[in-house]
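Just so you know, all these numbers are worked out from the coordinates, no wet-lab data involved. Quantities reported herein were computed from a predicted structural model and do not represent experimental measurements. Using ideal geometry, Cβ is built from the backbone for each residue, glycine included, and neighbour counts are taken over all protein chains shown.
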Amino acid sequence: MNIILLGPPGAGKGTQAHRLVAERSMVQLSTGDMLRAARRSGTEMGKKVAAVMDAGKLVTDEIVIGLIAEQLDNASGAGFIFDGFPRTLAQADALGELLASKGARLDAVVEMQVDDAALVERITGRFTCGECGEGYHDSFKKPAVEGKCDKCGAEGAFKRRPDDTEEALRTRLMAYYKDTSPLIGYYYAKGQLKRIDGLGEIDEVAARISGALAG
Ligand code: AMP
């Protein structure tokens, strides 16, 4: 099964993608994670996209489509979860073509609906463990011992994304409404859209996604 998790920044796409990976052995393809990895390893492309990402703007279609094409060639599993991709109509068309060229297709597009006020709170409070990637939040999910990761035990390894500031979030939200939200109509017209309420506990949202995928 190949699915897209669609929604604004902070909707919980990454969190729910991790759940699906653990529960269904699916493969998460997050262009945001790929771009951050390129930055960390200091590639030419990574240097080129750094300022664009920190400002909350979209990286070019050419770069992200190239990243996805490469991953589709290499990865295998019980299906793909596209997280943060596609973000433009051109990317959506490219994804359709890439999947078709592999004899595969998109099974569902899950739109995670969350209101804007909740997004600001979710995004500006979030941080992750730099060692294992476990996600935390200042209000909703604090580590049991301050400064120490519950999952891997690393101390002093927490980090925040440079684009998780209120200012960059405003730009990211604008990019979402301007460039990405037209995908809702696009996939609705193709009969692939499933809408779920993205507010609530992680388990509740996960159950709604499972229901949408089964239905
Ligand atoms: P994310 O982790 O999905 O929130 O992505 C972080 C940042 O990476 C975005 O704000 C963009 O600058 C860039 N990015 C990630 N995915 C895409 C995409 N599909 N198209 C354009 N830019 C992207």
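Annotations for the structure displayed:
- Shape annotation for region 68-131: C-alpha extents along the principal axes are 41, 31, 20 Å, from largest to smallest.
- Normalised alpha carbon radius of gyration of region 116-215 [divisor 2.2 N^0.38 Å]: 1.32
- Once backbone amide H atoms are built at 1.01 Å from N, F80 has N2, I3, V27 as its partners under 5 Å, excluding neighbours fewer than 5 places away on the same chain.
- For region 9-71 versus region 160-188, the inter-centroid distance based on Cα atoms is 14 Å.
- Restricting region 101-145 to trypsin sites (Lys or Arg not before Pro) in coil, as DSSP defines it, with at most 11 other Cβ within 10 Å: K102, R105
- Normalised alpha carbon radius of gyration of region 33-112 [divisor 2.2 N^0.38 Å]: 1.15
- Absence of a disulfide-compatible partner, taken as no other cysteine beta carbon within less than 4.7 angstrom, is noted in the chain for none of its cysteines.
- Cut-off of 10 Å, at most 11 other beta carbons, DSSP loop: longest stretch of the chain lacking such GluC sites (Glu not before Pro): 1-145
- Cross-link table K48/K141; K48/K159; K48/K178; K141/K194; K13/K142; K57/K141, entries beyond 30 Å C-alpha to C-alpha: K48/K141
- A DSSP coil position with no more than 13 other Cβ atoms inside 10 Å describes the following trypsin sites (Lys or Arg not before Pro) in region 165-203: K190.
- Residues D83, D61 in ascending order of nearby Cβ atoms (within 10 Å, fewest first): D61, D83.
- Anisotropy class of region 1-70 from Cα gyration tensor, a/c 1.5 cut: prolate
- Legend: calculated FRET efficiency, D54 to A214, from the Cβ-Cβ distance at R0 = 35 Å, rounded to 0.05, equals 0.35.
- A DSSP coil position with no more than 10 other Cβ atoms inside 10 Å describes none of the trypsin sites (Lys or Arg not before Pro) in region 2-70.
- Region 21-137: relative contact order as a whole-number percent, Cα under 8 Å and 6+ apart: 24
- Computed from the alpha carbon positions, the gyration tensor of the chain leads to an equivalent ellipsoid with semi-axes of 26, 21, 18 Å, biggest first.
- Contact order, relative form, for the chain: 29 percent (alpha carbon pairs under 8 Å, 6 or more residues apart, mean separation divided by residue count).
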